[in-house]
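Just passing along the structure, written as structure tokens.
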4 protein chains.
Amino acid sequence: MSRKPNSEQRRAQIVQALMDTMAEHGYEKATIQLIARRAGLTPGLLHYHFHSKADILLALVKALAGAAQQRYQAFAQDAQDDGQRLGAYIDARLGLGEGADAGAVAAWVVIGAEAVRQPEVRAAYRHAIDTETALLRELLSASLAAHGKSTANAQALAAALLAMMEGTFQLASVAPAGMPAGFAAPMAAQLVRRFIDAEPPA
Amino acid sequence: MSRKPNSEQRRAQIVQALMDTMAEHGYEKATIQLIARRAGLTPGLLHYHFHSKADILLALVKALAGAAQQRYQAFAQDAQDDGQRLGAYIDARLGLGEGADAGAVAAWVVIGAEAVRQPEVRAAYRHAIDTETALLRELLSASLAAHGKSTANAQALAAALLAMMEGTFQLASVAPAGMPAGFAAPMAAQLVRRFIDAEPPA
Amino acid sequence: MSRKPNSEQRRAQIVQALMDTMAEHGYEKATIQLIARRAGLTPGLLHYHFHSKADILLALVKALAGAAQQRYQAFAQDAQDDGQRLGAYIDARLGLGEGADAGAVAAWVVIGAEAVRQPEVRAAYRHAIDTETALLRELLSASLAAHGKSTANAQALAAALLAMMEGTFQLASVAPAGMPAGFAAPMAAQLVRRFIDAEPPA
Amino acid sequence: MSRKPNSEQRRAQIVQALMDTMAEHGYEKATIQLIARRAGLTPGLLHYHFHSKADILLALVKALAGAAQQRYQAFAQDAQDDGQRLGAYIDARLGLGEGADAGAVAAWVVIGAEAVRQPEVRAAYRHAIDTETALLRELLSASLAAHGKSTANAQALAAALLAMMEGTFQLASVAPAGMPAGFAAPMAAQLVRRFIDAEPPA
DNA sequence: CATGAATGAGATTTCATTCAT
DNA sequence: AATGAATGAAATCTCATTCAT
């Protein structure tokens with residue numbers, strides 16, 4: 001009798017098409033026409049499933065943040081101690097393993113710039129950053145404590161590490177020359193390890 | 001008795017207005033009308049002094065890169081050894097001292113995203129990054145050598161440090177909550193110092 | 001054992017939903033989606049029961065005209081003479097009694113403007129107006145005759161009175177400040193009575 | 001050197017074109033394209049001089065209200081007493097003399113319906129109505145007083161008369177059959193005169 | 001140098017209508 | 001009867017760029 005809803009798939013399809021298009025053209029030049037064409041849909045249908053283009057962007061921000069969380073969960077599954085969990089986190093974010101996606105990274109960079117001007121994007125971006133910072137601080141605090149070190153600098157170290165990650169995404173997207181692919185994760189891990197080793201005891 | 005040409009002053013005025021406007025609205029929404037209004041000029045005059053809007057953006061990229069160089073020079077003026085020069089660099093980039101400019105930082109973030117899609121912006125952005133990397137590698141190599149350490153990792157460390165800086169700009173522009181203002185420079189310095197201390201000898 | 005067709009009920013439901021939506025959003029902005037939502041139906045179903053949106057509008061015009069007729073019939077039921085019938089008419093149109101409906105009035109105003117451009121709406125609107133005029137002229141003629149007055153001006157007086165009613169709907173919908181609620185009917189009645197009293201004898 | 005501004009003429013030209021187009025097609029179907037074509041301009045230019053289509057409509061409301069005021073002033077110029085001023089007012093609004101404009105009347109009807117749904121139009125419409133009501137009440141009070149009558153009903157009478165005018169515009173635009181052209185003004189004048197004559201003394 | 005009106009291409013968005021289920 | 005996804009035409013609005021003055 002009634003038609004079977006397929007909105008969820010369609011929405012995911014559209015969000016994915018925005019990501020791909022944005023990675024190539026930026027947000028403004030990722031026109032509804034282009035996104036629709038890439039998704040194999042008509043422009044009108046995009047506005048049937050999303051109120052506005054900005055709404056698709058918000059859905060993408062949430063999708064990327066969620067995917068990052070899942071990626072860490074997958075990487076951390078077999079971790080046995082705090083040090084391994086921290087390593088898993090760094091690998092999940094900076095490593096080249098399964099699921100690394102240059103398009104997603106480029107889209108994330110573009111989102112970071114859109115967050116400068118779109119309040120709603122900024123809020124979603126901040127929420128993702130805050131969640132990451134909290135997780136990272138937790139991991140760092142655990143590692144510091146496991147080595148009998150003070151955790152006073154855990155927050156600042158988390159922020160610095162997160163900044164390094166965001167910056168790595170930026171440089172990887174635009175100026176990949178400087179650092180050989182795959183060096184980011186080990187270097188970040190080493191910086192953290194040496195920092196922790198040199199911390200004063202608790 | 002010719003009238004004194006004021007082109008250079010006008011161009012600088014326009015570039016500055018683009019920077020201010022971009023920091024608030026992003027690049028695409030920084031319309032010629034808005035830029036002109038902010039500069040106290042008329043739309044037509046902008047195209048008299050610049051061939052296109054993209055040209056103003058390129059001029060801005062170069063202006064910001066040049067200003068960063070100058071800021072380092074000023075900070076390094078009184079440095080007495082390699083360690084102090086490295087500290088001066090970090091302070092010039094991440095410190096809160098004179099000349100720190102939230103607008104310039106936000107504009108730089110937006111430029112980073114435009115570099116994803118505009119080849120000419122990407123080239124100018126890469127050139128700035130490459131110049132920075134070379135300078136930073138030089139400073140790190142000198143510091144490593146001064147401590148009798150191997151300089152093999154200088155390039156990778158330079159890249160990581162640069163990434164941290166770019167990421168700090170991003171987070172400062174959009175999600176300033178995580179790290180207290182002014183903590184970025186000391187934390188970066190400490191990460192570098194401990195890394196160097198732990199490096200094996202040359 | 002056939003299922004009972006519910007078309008008539010559905011049609012009435014849809015027409016009512018158009019009226020409510022129009023009173024708030026006007027005709028053009030009363031989209032099929034909005035009307036359907038207000039009726040608790042789906043967009044597709046509206047086109048199952050009506051060929052087009054314009055058709056729903058025509059049905060509404062007729063429904064409102066018919067309701068006005070019924071309202072007069074109900075008010076005039078107990079009238080004993082021509083003067084009471086005329087008073088019943090004025091009360092039915094301008095009074096605040098049972099069945100007065102701000103939404104219907106606002107929708108009628110919107111219909112009046114649509115009649116400016118849609119020939120079919122104009123025809124239906126005119127038909128309603130002509131019917132009203134004829135009835136009103138009849139009532140006025142009877143009252144004039146009952147007072148031994150000439151009925152020569154009955155038509156013009158009917159037109160003036162009808163104009164006052166349409167204008168009252170307009171002002172009540174948009175600028176209700178000027179006249180206190182409930183004053184329209186007595187004032188109209190008084191204007192008519194004094195006009196009739198001052199008419200020359202037949 | 002600089003270009004001579006012509007915005008005022010252009011704006012007036014555009015407002016006039018909206019009025020003509022609206023009188024024929026209503027507001028929604030008076031597209032920017034149609035208005036531009038009627039004005040002999042390009043669509044882009046309309047948005048250069050007006051922020052939005054709604055802004056053109058607001059300018060039209062004000063222009064029509066202002067024109068009505070001027071028309072009364074012109075008609076009342078030679079009036080010698082209160083009765084003549086009142087007559088001048090009725091003629092200015094309902095008469096067929098110089099400056100009567102079927103297009104303006106139809107546009108005003110459409111504006112009245114737009115006022116139902118657009119708050120800014122409603123505000124401008126109300127302001128015009130309030131101004132008219134105040135003027136009319138003043139004229140009626142003066143006439144009543146001049147005849148030694150109570151002015152207690154001046155406000156209600158003014159409202160009724162204004163409603164009659166608005167309704168006459170409506171019927172003239174859509175259902176001109178009922179009342180012969182030119183009968184509205186005398187009938188309105190007569191209704192008022194007989195009402196005043198029958199009022200109790202002050 | 002400077003002005004600001006003008007253009008035109010292209011973007012987002014709306015929406016009545018259709019139709020497979 | 002009913003659903004709701006899908007379409008495509010058309011609307012408003014934006015904006016870099018041009019150009020007469």
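Please count how many residues of the range D:95-124 are within 24 Å of D:Gln73 (Cβ to Cβ) and touching a residue at least 12 places away in the same chain (Cβ under 8 Å).
15
While we're here: Is it fair to say C:Gln16 is more than 30 Å from A:Ser2 (Cβ to Cβ), among the polar types (S, T, N, Q) and out of contact with any helix residue (DSSP H, G or I) (no Cβ under 6 Å at 6 or more places or on another chain)? If you could, list the steps in order and put the result at the bottom.
Values: more than 30 Å from A:Ser2 (Cβ to Cβ): no; among the polar types (S, T, N, Q): yes; out of contact with any helix residue (DSSP H, G or I) (no Cβ under 6 Å at 6 or more places or on another chain): yes.
The answer is no for C:Gln16.
For the range A:126-162, give me each residue that is among the hydroxyl-bearing types (Ser, Thr, Tyr), in contact (Cβ under 8 Å) with a residue 24 or more places away in the chain and farther than 22 Å from B:Leu162 by Cβ.
Hits for the range A:126-162 are A:Thr131, A:Ser143, A:Ser150, A:Thr151.
Also, quick follow-up: Would it be correct to say that D:Glu138 is within 19 Å of the chain's Cα centre (by Cα), charged (D, E, K, R), part of a helix (DSSP H, G or I) and crowded, with 19+ Cβ neighbours inside 10 Å? Break it down stepwise before answering.
Working: within 19 Å of the chain's Cα centre (by Cα): yes; charged (D, E, K, R): yes; part of a helix (DSSP H, G or I): yes; crowded, with 19+ Cβ neighbours inside 10 Å: no.
Answer is no for this residue.
Also, quick follow-up: Just to be sure, is B:Ala156 closer than 18 Å to B:Pro201 by Cα, small (Gly, Ala, Ser) and part of a helix (DSSP H, G or I)?
The answer is yes for B:Ala156.
Could you please let me know if D:Asp81 is more than 14 Å from DNA strand E (Cβ to nearest atom), more than 14 Å from every other protein chain (Cβ to nearest Cβ), among the charged types (D, E, K, R) and surrounded by 14 or more Cβ atoms within 10 Å (Cβ to Cβ)?
no
Moving to a separate point now. Which numbered condition trips up D:Ile90, out of (1) within 16 Å of DNA strand E (Cβ to nearest atom); (2) aliphatic (A, V, I, L, M); (3) within 14 Å of chain C (Cβ to nearest Cβ)?
(1)
May I ask you to verify whether B:Phe75 is within 27 Å of B:Ala184 (Cα to Cα) and either within 16 Å of DNA strand F (Cβ to nearest atom) or more than 14 Å from chain A (Cβ to nearest Cβ) (or both)?
For B:Phe75, the condition - within 27 Å of B:Ala184 (Cα to Cα) and either within 16 Å of DNA strand F (Cβ to nearest atom) or more than 14 Å from chain A (Cβ to nearest Cβ) (or both) - is met.
Can you tell me which residues in the range A:1-29 are over 13 Å from A:Ala39 (Cβ atoms) and of a type in the set (Ser, Thr, Tyr)?
Listed by number, the residues that qualify are A:Ser2, A:Ser7, A:Tyr27.
How many residues, within the range C:20-58, are among the polar types (S, T, N, Q) and either more than 26 Å from D:His25 (Cβ to Cβ) or surrounded by 14 or more Cβ atoms within 10 Å (Cβ to Cβ) (or both)?
2
List every residue pair whose Cβ atoms lie under 9 Å apart, where the two residues are 6 or more positions apart in sequence or sit on different chains, the first residue falls within the range A:1-24 and is away from chain B (no Cβ under 14 Å) and polar (S, T, N, Q), and the second residue, located anywhere, is away from DNA strand F (no atom under 13 Å from the Cβ) and part of a helix (DSSP H, G or I).
That search, which allows pairs on different chains as well, returns A:Gln16/A:Arg38; A:Gln16/A:Leu60; A:Gln16/A:Ala63.
Residue by residue through the range C:174-202, note down the ones that are facing chain D (nearest Cβ under 7 Å), within 18 Å of the chain's Cα centre (by Cα) and over 20 Å from D:Leu136 (Cβ atoms).
Within the range C:174-202, no residue meets the criteria.
Filter the range C:141-153 down to the residues that are surrounded by fewer than 18 Cβ atoms within 10 Å (Cβ to Cβ), within 14 Å of chain D (Cβ to nearest Cβ) and of a type in the set (A, V, I, L, M) and list them by number.
Residue satisfying the conditions is C:Ala152 alone.
Looking for something facing another protein chain (nearest Cβ under 8 Å) and among the basic types (Lys, Arg) - is there at least one such residue anywhere in the range D:119-134? So that I can check it myself, show each step before the final result.
Filtering the range D:119-134 down to residues facing another protein chain (nearest Cβ under 8 Å) leaves D:122, D:125-126, D:129-130, D:133.
Narrowing further to those that are among the basic types (Lys, Arg): D:122, D:126.
Yes, the conditions are met somewhere in the range D:119-134.
Whether any residue in the range A:9-18 is within 12 Å of DNA strand F (Cβ to nearest atom) and basic (Lys, Arg) is what I want to check.
Looking for residues that are within 12 Å of DNA strand F (Cβ to nearest atom) and basic (Lys, Arg), one finds at least one in the range A:9-18, hence yes.
For D:Tyr27, which of the numbered conditions (1) part of a helix (DSSP H, G or I); (2) within 14 Å of another protein chain (Cβ to nearest Cβ); (3) near DNA strand F (Cβ under 10 Å from one of its atoms) fails to hold?
Of the numbered conditions (1) part of a helix (DSSP H, G or I); (2) within 14 Å of another protein chain (Cβ to nearest Cβ); (3) near DNA strand F (Cβ under 10 Å from one of its atoms), the odd one out for D:Tyr27 is (1).
Let me ask another. In the list A:Ala65, A:Ala17, which residue meets the criterion of being buried (at least 18 other Cβ atoms within 10 Å of the Cβ) and more than 30 Å from A:Ala188 (Cα to Cα)?
Criteria check complete, one pass: A:Ala17.
How many of the residues in the range D:38-61 are within 13 Å of another protein chain (Cβ to nearest Cβ) and within 8 Å of DNA strand F (Cβ to nearest atom)?
The qualifying residues number 5.
Taken together, the values in this text are just the output of simple stated rules run on the coordinates, not laboratory data. None of the values given here were measured: they were computed from a predicted structure. All Cβ positions, glycine included, derive from the backbone under ideal geometry; neighbour counts span all protein chains shown.
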